[in-house]
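The values are calculated or read from the model by the stated rules, or taken from the named source; none is laboratory data. In this text, all values refer to a predicted model and were calculated from it rather than measured experimentally. Cβ coordinates were reconstructed from backbone atoms using ideal geometry, including for glycine residues, and neighbour counts include every protein chain displayed. Side chains are part of the model used for accessible areas, which takes the heavy atoms of the whole protein and leaves out ligands, DNA and RNA. Shrake-Rupley method; radii C 1.70, N 1.55, O 1.52, S 1.80 Å.
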Amino acid sequence: MVVLTGDTHGDFERIFEFCEEYETTTNYIMIILGDAGINYHLDDRDVQLKDELAQLPMTLFCIHGNHEERPFMISTYEEEEWHGGIVYVESEFLNIIFAKDGEIYDLDGKRAIVIGGAYSIDKYSRISNNSPWFETEQPDEEIIKYVEQQLARCRWEVDYVFTHTAPLKYEPTDLFLDNIDKRLIDKTTEKWLDSIEYRLSYLRWYCGHYHIDRDMGKIMLLFQEIVDLDD
């Protein structure tokens, strides 16, 4: 079974409750749509969290968000093949898997592409408060090129799209805070996803990032809710 949820930011209480309620096994795949919070502090606090998550009877498949470091920047991660695509895994925590942007995975016979990352509207407050902020938060030119090459190889047709942020046209603008100067927010990733969404043939697109559960038809924003893939 494959299920999805939104940002956890290091709080996995609802995931543990789900596992207990449904008596899951590691054959269950929980897709976290970015900001899992597993590689946030880059110290023993992350290791402690991973030790706890290693006890979960479930496989966590994490998309890259904007409140965590990319696994390829962390020396303990290695690349492995998983469901037809490349993932990042640590040997001590084999049930915690991070997707590689642009990879296309086979999930129950359906093709799913992953495109992580987003801009942090709290970037400058985090920097000024000496809180972690990651320069790699948005897709760079290399990732963008790889994603588009992968989509070209599959003739711009997949079943599912898993991203952290949403294409620009699907942003929930009614949630935006009035005290943030919108002119200063970098929309590069959302605009790029807009161009992809325009060209791409797909069944369902799932995003996190916005801290809301909202079904918008072909695109679903997820936060606290846990849903079956293609629910």
Which listed residue is surrounded by fewer than 22 Cβ atoms within 10 Å (Cβ to Cβ) and touching a residue at least 40 places away in the same chain (Cβ under 8 Å), from His41, His64: His41
message: Pairs please, first residue from segment 154-181 and within 16 Å of Gly102 (Cα to Cα) and of a type in the set (D, E, K, R), second anywhere and open to solvent by 50 Å² or more (accessible area, probe 1.4 Å) and modelled with pLDDT of 95 or more, Cβ atoms under 6 Å, 6+ apart in sequence or on different chains.
response: Glu157/Ser201; Asp159/Lys110; Asp159/Arg111; Asp159/Leu203
message: Being of a type in the set (A, V, I, L, M), under 18 Å from the mean Cα position of the chain (by Cα) and either surrounded by fewer than 19 Cβ atoms within 10 Å (Cβ to Cβ) or not in a loop (DSSP other than H, G, I, E, B) (or both) narrows it down to one residue among Val47, Val89; which is it?
response: Val89
- prompt: Scanning for something free of Cβ contacts under 8 Å to residues at least 12 places away in the same chain, in a strand (DSSP E or B) and closer than 21 Å to Gly116 by Cα, does segment 76-86 turn up at least one residue?
  reply: yes
Residue within segment 129-141 that is part of a helix (DSSP H, G or I), more than 29 Å from Phe16 (Cβ to Cβ) and either out of contact with any Ser or Thr (no Cβ under 9 Å at 6 or more places or on another chain) or open to solvent by 70 Å² or more (accessible area, probe 1.4 Å) (or both) present: yes
statement: Per the list (1) over 30 Å from Phe16 (Cβ atoms); (2) open to solvent by 40 Å² or more (accessible area, probe 1.4 Å), residue check on His211 breaks on (1)
message: Among the numbered criteria (1) modelled with pLDDT under 95; (2) out of contact with any helix residue (DSSP H, G or I) (no Cβ under 9 Å at 6 or more places or on another chain), which one does Phe176 miss?
response: (2)
